[in-house]
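Undergrad: Can you keep this structure in mind? I'll have questions shortly.
The values are calculated or read from the model by the stated rules, or taken from the named source; none is laboratory data. Everything numeric in this text was worked out from a predicted model, so none of it was measured. For neighbour counting, all protein chains shown are included, and Cβ atoms are generated from backbone atoms with ideal geometry for every residue, glycine included. Protein only, heavy atoms only, side chains kept; ligands, DNA and RNA dropped before computing areas. Shrake-Rupley method; radii C 1.70, N 1.55, O 1.52, S 1.80 Å.
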Amino acid sequence: MIDPRPDSRRNAPAEPRTLDDLAQARIDGRLSRRNVIRRAVALGFGAPVIATLLHATSDMAFGVPTARAEDKQPVSQTAPTKPEGEAQQGGTIRAGTNQEPDTLHPWISQTVTGADVYVAIIEGLLAYDATQQLQPSLATAFSIGDDGKTFTFTLREGVTFHNGDAFTGDDVVNSWKMIMNPDFGAFNQNGWDKIEDITIDGSTVTMTLTEVFAPFLSYVGVGRICPSSAIAAGPDEFKQTYGRNPIGTGPMVFNEWKSKEQITLDRYDGYWGDPTKIDRFIYRIVPDDNTMLVQLRTGEIDLIGSASTVSASRLDEALGFDGVTIFQHSTLGWQHIDLKHVDFLRMTKVRQALDFATPSKDIIEKLLKNRVIPSVADQAPGSWAWDGSIQPRPYDIEQAKALLAEAGLTPGADGTLEGKIPTEDPQVGDGEVKPFAIELWFVAGETESERVCQVVAQSWNSIGVKTEVKSQDVSTIWGPEGYQFTENMTGCFYAWYNGNDPTDKFYWHSSQIPASTTGSGGNLPAYFHLYNFQEEIDRLTDAGDLETDQEKRKAIYFEVQKLLHEEVPVVFMYWLVAFPAARDTIGGYQPNAFTYLTWNVNEWYRAG
Amino acid sequence: MAAPGRAETLAASLPGQAARPPRSPWQLALARLGKSRLAALGVIILLAMALSAIFAPAIAPYDANAQDLFSITAPPSPEHWLGTDDLGRDELSRLLHGGRVSLLVGVLSALIATGIGIVVGALAGYYGGWVDAVLMRLIDVMLAFPAIFLLLILFSMIGSSVSGVILFLALFSWMWLARIVRGEFLSLRQRDFIEAARAIGVPGGQIIRRHLLPNVVAAIVVSTTLNVAYAMLSEASLSFLGFGVPPGTPTWGNMLNAARPYYTTYPLLAIAPGLALTLAVLAINWVGDGLRDALDPRR
Amino acid sequence: MGRFILRRVLGAIPLLLGVAVLSFLFMQLAPGGPDAMFARNARMTAEQLEQIRHNMGLDQPAPVQLARWIGNLARGDLGVSYSQYRPVSEVIRDVFPNTVLLMAAGLSLALVLSLFFGILAARNPYGLFDNVTSFISYFGLAMPVFWFGLMLQLLFAVHLGWLPSAGMRDPDSGGILDLLAHLALPAFTIAIGSIAGWSRYVRSSTLDQLGQDYVRTARAKGVAGPAIIRRHVLRNALIPFVTVVAIDAPLYLTGAVLTETVFSWPGMGRLFFDSLTVRDYPVLMGCLMLGAVLIVAGNLLADVVYGLLDPRISF
């Protein structure tokens, strides 16, 4: 047989020499998986690189039978949606959630999904907008005294609750008193417990604090105000009934809650601002992700967001839906690996080495397909306290090995590093000789966490840090038997979620180390030994809470971030990205990281 | 627990309660043949499953927990006959290893349940009186518990393990056998040969072992067989809800649980373990029915 | 008769008391205790936790708590939900009707189909119909109920699109037809086990009656086959069947947990499962007690119906 292309042999791709060649050869189907691995090893690439390479090329090679929409990508929405067609007056918008709210009582609800609904019904003095700025709500203006301890709010006139009561300063005072009432048992008294006294002078409310507390407005300023008439029922009655029959000043009135089915809100015609364009908002409870996507596609629900979004693993499928737009925005959740400060993990160099040996970039780009944002510290990109100048440590096995050697760790008989653990001085190994073996935990059932941990473990093992991936169910891992209360060298992969205020004392301060296995506090790594930089981080996080000037505060948090990046108390991995979705006929929807679902429900409309 | 009607209906059709139509010898023979064929088929299926479970590590193409993170939910291929799951583990290997745990849970918990059932039933039936009254009230209370609710609560509280699942499933499935054993003992102990044995001073334990137990062997064997099926279904139900054998351990129930988010896009992940479980339970039920007929003294 | 029922009802009380005490003990044995839900929250201080424990009476000694729980139970007070902060009875009342609807639909389906298949099979034992239904019944009994549900969902909702895949009603239509469409798959799922089991039971108990002397007599007197079945056989065959049904029916609550999870049905099963994930113990205990009451009531009903239908039993 005559080859129609005589030169084809010469034009055949050369033997793959670089990673890119390998990838291309794999995509072209010229190399089998096994051959890719063999050649990559021959070319000297490490296991994680090979793994990610295979992943990057596997979809093309095997074909994933989901709807793929190569041209459609998630949209970053910086303004409310504006679909074609006229904005309709009236109609219903339905949102979906995979979790039923626990209660609509704003002071005891522990769920985001609860807040997603009650912010449409009950308002606070101020409210966050999509850019993390505080905007007037029930207060038209506020000022902070020079001592940083006096907050004065000017209340909006002519506001009425849904039951007809006029909104006054008494409602603010009564709300404060009830939140602080121990028999009521508010879920969160943060900020409210700093109030010494509230005085009312006409439409001016002045709050005096016992001490300076910079995050005050992010708790009390946006705290929800309930009507005095409802509060008057007493702690028990108020707690048991209000959550199922909430009354507020918001743009929507509570209509009905069918358990496990849906919550219905109607337009409040007496609203002080622009009344809603829609007549009705329905919050559908659809516990199954499959079903939720189906209903989004068929139009049974119009949008999802905030508490319920499209999971990254379903994104390709959802992007294929006609008439549906998938959005994306960063969140305030950061994924990281806790490094419990015991034995070698107390040494800064060791922690830095583990950071160098964590292939975050590959994990983010290849495994998670860039559907997360790299993180270097605890402030979210885009937030005013974020220091964008810090660069993540590169993936550098040699540097990691060098640092471990400097810390006195040398390979033992089976290749596992071993050395003397530090005793008095956390930076000096002078105790007994131990192998460097880490347990890497994740919450059982979280597939993505498991995948990430496997890749990290593979890499850490490759430099002689014996890493074993382990999992437990969520209640066990955070319970008294959890990893953080055993004195082993452990890492744990999980996410913390920041509030809108940059305060981060909760994660790092020595006062936030749980005192017992059931104690409170977010500083889990320092349970057995304080951080070697504990005094410094205590001083900084305290200062951040006491500084009310935003620029000065920013400087403090920049310092915190530099310190965290230098000391690596935890391996910072990435910021989670959320993928809300809406049908293309919905206008006014602006999903973002800083507000709850219905924050601008009065702007929503159907286009037609 | 797997489905309402199952345990009770099966129990209700145990020896002594089942109704039987009169048949000509010819019909009877034919029926027996048909029945025994199913039973034989059941035995063959069970043997095959047991063998593949025992030798799973040898015959499974991959390690059941070996993850190939970069070939996730792959469709069937020559390399992976049943494809891979959401962590890139070989579905066929997990199916084989899963049979191991599922069968182990079924057999062990049924044996434990049988042990408890015999002891409690024998004590109550032989001694009668207040022993009987106390044990029967205990059985009543246990039967009044909605078992799945309690098991779910227990496992969510104490955390689950394979041994925990075996033990607690056994603790909630011995009552019917105990009742049957007691009933038989109560009627038997009035009989002459028992009275005689007692009169000549044969110890109680010996009477139970030598004279009474042989009379309830049929009930014990059948009930144990059916309990194996019940325990396997229960394990799968609990694991499917996420509160059975710890996630990660390959069992058919866990595989179904893990397949749930993907079952619309990768239905095979849900179909394969479900079919395997159905087949196993089917075979056990066939064998159980065959045993019942074979051991029925009235036949 | 009345005294018999009264006696049985009174006899059920210590039974339920036993269930209540045992349930309570299980809760006490829980690691971390019933307040684990709050203790796990890293942002909750020790004082707040103590306050919550006090508000819920969890700081009392166990015997006091037990006495209070039993006492409240006797008054129908199941306590206050940890996660929803409202009375458990209210929480359950919200969703119980939906479960009753599902159970009733499943039961009716199972009754009709099992009687139909069972009697038809008994009319020609070991015939083609009998053998086929027998074979299918074996499958019906062997399939895990949730898996059967998933497969139905996959086939009829996802692939064929004939029926809705989940939920109880569409927000817009909400009519009876819409409800029936949503009900079809879960009801069939929850009923499959009983359809299979009961139809075999009906078959054998019908056959049992057909072999009785009175049937032979009737036949000899020339009464037609269907008439015999209608007039004589059914009544006698149904007595044991009714008791089986009454005993089985409460177990539908168990089936509901799995079925409702698969089909997102807004009932007790979902409530139980959701409460389990947040460890809302009062609600869990409430579900447990309700389940026990249903089972005991079913058994009671079985006894009574047996007595009513079978003239040979006197009280």
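Undergrad: Once every DSSP H run of n ≥ 4 in the protein assembly as shown is given -39500 (n - 2.57) and the sum is divided by its residues, what mean residue ellipticity at 222 nm do you get, rounded to the nearest 500 deg cm²/dmol?
TA: Numbers: 44 runs with 593 residues, N = 1222.
Value at 222 nm, helices only: -15500 deg cm²/dmol.
Undergrad: Could you give the angle, 0 to 90 degrees to the nearest 10, between helix C:234-248's Cα long axis and the longest principal axis of the Cα atoms of chain C?
TA: That helix lies at roughly 20 degrees to the long axis.
Undergrad: So if I place +1 on the C-beta of Lys and Arg and -1 on the C-beta of Asp and Glu, and nothing else carries charge, what would the dipole magnitude of chain A be about its Cα centre? I want it in debye, nearest 20.
TA: Charge dipole, chain A, about its Cα centre: 2240 debye, nearest 20.
Undergrad: If you don't mind, there's one more thing I want to ask. Taking the alpha-carbon centroid of each part, what is the distance from the stretch A:73-136 to the stretch B:113-139 in angstrom?
TA: Distance between centres, Cα-based: 61 Å.
Undergrad: Normalised by the number of residues in chain A, what is the relative contact order in percent for Cα pairs under 8 Å and 6+ residues apart?
TA: 21
Undergrad: Quick check: the angle from helix C:88-123's long axis to the longest principal axis of chain C, C-alpha only, nearest 10 degrees?
TA: 20
Undergrad: Mind scanning A:Lys177/A:Lys239; A:Lys340/A:Lys420; A:Lys349/A:Lys470 and naming the pairs with a C-alpha gap bigger than 21 Å? Before the final figure, lay out the partial values.
TA: Details: A:Lys177/A:Lys239 14 Å; A:Lys340/A:Lys420 17 Å; A:Lys349/A:Lys470 25 Å.
Where the Cα-Cα span goes over 21 Å, the pairs concerned are A:Lys349/A:Lys470.
Undergrad: In addition: Kindly sort A:Glu256, A:Glu406 by accessible area of their heavy atoms, largest first, with the probe set to 1.4 Å. All intermediate terms of the calculation are to be shown ahead of the outcome.
TA: Values: A:Glu256 70, A:Glu406 115 Å².
Most to least solvent-accessible, the answer reads A:Glu406, A:Glu256.
Undergrad: Counting Lys and Arg as +1 and Asp and Glu as -1, each charge on the Cβ, what is the dipole of the protein assembly as shown about the Cα centre in debye, to the nearest 20?
TA: 7140
Undergrad: Using only Cα atoms, find the angle between the long axis of helix C:46-55 and the longest principal axis of chain C, and express it within 0 to 90 degrees, rounded to the nearest 10.
TA: The two axes meet at around 50 degrees.
Undergrad: Just how large is the dipole of the stretch C:96-309 about the Cα centre, in debye to the nearest 20, putting +1 at every Lys and Arg Cβ and -1 at every Asp and Glu Cβ?
TA: Value, rounded to 20: 920 debye.
Undergrad: Please list log₁₀ I(q)/I(0) at q = 0.10, 0.12, 0.18 Å⁻¹ for the stretch C:96-309, using the Debye equation with identical point scatterers on the alpha-carbon positions.
TA: -0.53, -0.72, -1.25
Undergrad: Accessible area per residue for chain A in Å², computed with a 1.4 Å probe and the full protein assembly in place, what is it?
TA: Accessible surface, normalised per residue, equals 40 Å².
Undergrad: Just add up the charged neighbours of A:Gly445: K/R +1, D/E -1, any other residue whose Cβ is under 12 Å from the Cβ of A:Gly445.
TA: -4
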